[in-house]
Amino acid sequence: MELQDLYRDVILDHNRRPRNFGPLEAADVSVEGFNPLCGDRLTLRLRMDGGKIADIRFDGQGCAISTASASLMTEAVKGLTKTQALELFDRVHRLLTDDAASPDDLGKLAALSGVREFPARVKCASLCWHTLASALHSPAAGVLPAVSTE
Amino acid sequence: MSSLAVRDQRSAFDVKAVRAEFPILQRLVHGKPLAYLDNGASAQRPNAVIDAVDDYERHHHANIHRGVHTLSQEATALYEGARDRLVRFINARSRHEVIFVRGTTEAINLVAQSYARPLLKAGDEVLITHLEHHANIVPWQIVCEQTGAKLLVAPMDASGEVHVESVEALLGPRTRLFACAHVSNALGTVLPVRRLIAAAKARGIATLIDGAQAVPHTAVDVQELGCDFYAFSGHKLFGPTGIGVLYGREALLERMPPWQGGGDMILTVSFEKTTYNALPYKFEAGTPNISGAIGLGAAVDFLQALDLQAAHAHEHALLEYATRALSGLDYLRIIGTASAKASLISFTVDGAHPHDLGTILDQDGIAIRTGHHCAMPVMEFFKVPATARASFAFYNTFEEIDRLAASIARARAMFA
C-alpha cells in the first residue's frame, strides 16, 4: 500500500485543476451527491441531447480523490449515451472494489485503481459515479433528490 | 523546535512510564511507531483495564443481581464496586446517583425522554449552544417534536467561545432545561460551565452537562458544579466502549419514570401492576454491560493512581506546544481559538482536504480524526466542510507533535 499509488500524478493534477468545474447553463438534470462520513458534497449538472450526454459539469467541495474522480468522470462520459455511461459506471465500480478488475482500456480512469488499496477512501472516488447513475436513471428532468453514499 | 532539555523542563510528568502501561502504544502502523492523536474519538486502554476485564471474563462472569451462586455474587460485587469507584470519581452524593448506560449518547437520550418529555409543554423551551455534538442536539430535537417545545441555540463567537451573557439572554420564563458541553469535541473550547449552571439554577432551570470530552482532561466534581445531570463515556476515559455514566441528582431521578422496562428495573411484576426498583436500578433495565463497568472502574482506579495534576499539566503543555508548532505553518488555519481549551486542535490546511491529510498522516503512523466530528453546525459556522483534529492524552509526547507538523508539511507539499 503506497501513497504514490493512491495519489498518482493524474489524480493530483485533476485535483489541482478540476476539468468541467462550475455551473452549467441550460442543464436538464441536476443532482447533489453527499458523503456524510467526510462532508464531501458535489452537484452534477447534465445537458442531454439525442440520448447522449452533450455536456456535464460539477461543482462542490471534496477531498482530492473525490474531486479528481469527478473531474475524470466528466471528461470520460461526455458524448456517451446513457447506456454507455452506465456501463462505464459498472466498470469503474468494479475497478474500485475488486482486486481482480483490470484497469486496461480505461484510459485516465485507470488512475483510480490505487483507491482500492484504501478501503476507507472508496466512497470518495465513487460518490460522483453514484450521483451520475442517479441522474441517468431518473425518468424526469429537473433537480433530483440528493444521493448519499451512506 | 525546542530541544529535549527544554521539553523536559516543561513537564515533570513521566510520560515514558505511563506509555509503558498502554500496550497498543508500542505497535507500529505502516512500519512507523504509532502516534495516537485521536483520543477525542476514543482513548486507549492501560493494562489495568485490559487485565480487569480479562480477569472478570476468565474467573468471575455470571449474571448480576440474581442467583445465589458464587460467580453471580462475585460478578455483582465487581459491578457494584465499579459503581462505587465512579461515585467517588465524580463526587456524587450516593450510588443512587450513578447510572450505568451505554455512553454519553444514551445518557442524554435517557434524560430527554424520562426527564424532559413528561415535563415539556407546547411552547416550553430547551436551550443548547451552537458548539454541541450531535448527541446533545438530536435527542432534544426529538423531544421537542414530541412535545411541541422549542429548541433554542445560544451563539458562539468567532473564536468558538460561548459567553455566559449570551446564554443568560436566552434563559427565559419558558426555559425548562439548559444542556451544553463541558468541553467542545470539535473545537476544544472549555465552556464556563460553573457560571452557566449557576445562571440556569438561579432561574429554576434544570441543567445537563455533556462531559464526554471533559472527564479525560479535568477533575469533575458534580456537587461543586451544581448541575442536575452530567453524562460521560467510558471509552474516552481509557475504559471500554459500550459503557458510560449518567449522573443525576437523586431528587430528580426519583421523580422520573423509568426509561426502558424489563428485568432488573422492577421490584414486583404482575399483569395488573408493576412496581419499580430503587435507584439506580430503576434505569438499568436488562443485563447491563458488566465487563464494561468493571473495566471503567479499573480505568478510574488507574487514573486516580496517577498524579492527575501533573498529567493534566502535561496535556496542557502538549496543547501549547502543538498550537505553536501548527501556528508556524502559514497555510494552516486553527479552527477554535478559545482562551480556555482542552488538549485538542482542529485545523484545516490550504489545498489539502482533511480526508487526504488523514490518509497521508496515517501512512506516517499518525492517527488523527478527520471529518465534521458529529458537529455539523460547528462546521457550518466556520464555513468548512470538515476539519482535521489532533487530540492529545497524557501519554502523548512532544516528539509526536513534531512528527505531526512534519507530516502535515509533507502532505501540503504533495498537493501544492
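The values are calculated or read from the model by the stated rules, or taken from the named source; none is laboratory data. These figures come from a predicted structure and were not determined experimentally. So basically every Cβ, Gly included, is an ideal-geometry build from the backbone, and we count neighbours across all protein chains shown.
Points worth noting:
- From the list B:G188, B:G211, B:G204, B:G248, the lone residue that is in contact with a helix residue (DSSP H, G or I) (Cβ under 7 Å, 6 or more places away or on another chain) and assigned by TED's automatic domain parsing to the domain that holds B:I137 is B:G248.
- Set A:S138, A:S134, A:S148: member being over 15 Å from the mean Cα position of the chain (by Cα) and among the hydroxyl-bearing types (S, T, Y): A:S138
- Residue within region B:93-105 that is over 26 Å from B:P280 (Cα atoms), touching a residue at least 24 places away in the same chain (Cβ under 8 Å), basic (K, R) and surrounded by fewer than 18 Cβ atoms within 10 Å (Cβ to Cβ) present: no
- Residue list for region A:99-125, restricted to those being in a helix (DSSP H, G or I) and either among the β-branched types (V, I, T) or within 14 Å of chain B (Cβ to nearest Cβ) (or both): A:G114, A:V115, A:R116, A:E117, A:P119, A:A120, A:R121, A:V122, A:K123, A:C124, A:A125
- Checklist (1) surrounded by fewer than 19 Cβ atoms within 10 Å (Cβ to Cβ); (2) farther than 25 Å from B:M156 by Cβ applied to B:T359, failing item: (1)
- Test: residue in region B:332-352 that is out of contact with any strand residue (DSSP E or B) (no Cβ under 8 Å at 6 or more places or on another chain), in contact (Cβ under 8 Å) with a residue 12 or more places away in the chain, within 14 Å of chain A (Cβ to nearest Cβ) and surrounded by 18 or more Cβ atoms within 10 Å (Cβ to Cβ): yes
- Residue match in region B:394-407 (condition: crowded, with 17+ Cβ neighbours inside 10 Å, in contact with a Leu (Cβ under 8 Å, 6 or more places away or on another chain), within 22 Å of A:P36 (Cα to Cα) and of a type in the set (S, T, N, Q)): no
- Residue match in region B:15-27 (condition: closer than 27 Å to B:A388 by Cα and touching a His at 6+ places or on another chain (Cβ under 7 Å)): yes
- Hits in region B:157-204 (condition: part of a helix (DSSP H, G or I), surrounded by 15 or more Cβ atoms within 10 Å (Cβ to Cβ), out of contact with any Ser or Thr (no Cβ under 9 Å at 6 or more places or on another chain) and of a type outside the set (G, A, S)): B:V164, B:E168
- Here B:S72 clears all of (1) without any contact (Cβ under 8 Å) to a residue 60 or more places away in the chain; (2) surrounded by 13 or more Cβ atoms within 10 Å (Cβ to Cβ); (3) in contact with a Leu (Cβ under 9 Å, 6 or more places away or on another chain) except the condition numbered (3).
- Considering region B:317-416, the qualifying strands (runs of 3 or more DSSP E), each wholly inside and each with 3 or more residues that are farther than 27 Å from B:F22 by Cβ, run over B:332-335.
- Scope region A:4-37; condition buried (at least 18 other Cβ atoms within 10 Å of the Cβ) and free of Cβ contacts under 8 Å to residues at least 40 places away in the same chain; matching residues: A:L24, A:A27
- Within region B:205-239, tally of residues that are hydrophobic (A, V, I, L, M, F, W, C) and either touching a Gly at 6+ places or on another chain (Cβ under 7 Å) or outside any loop (DSSP other than H, G, I, E, B) (or both): 10
- Lone unmet requirement of (1) farther than 18 Å from B:S159 by Cα; (2) touching a Pro at 6+ places or on another chain (Cβ under 9 Å); (3) within 14 Å of chain A (Cβ to nearest Cβ) for B:H372: (1)
- Pairs with Cβ under 8 Å, 6+ apart, first in region B:394-416 and within 11 Å of another protein chain (Cβ to nearest Cβ), second among the basic types (K, R): B:F415/A:R16
- Cβ-Cβ under 6 Å pairs, at least 6 apart or on other chains, region B:172-185 side farther than 12 Å from B:I137 by Cα, far side among the acidic types (D, E): B:R174/B:D124; B:R174/B:E125; B:T175/B:E125; B:R176/B:D124
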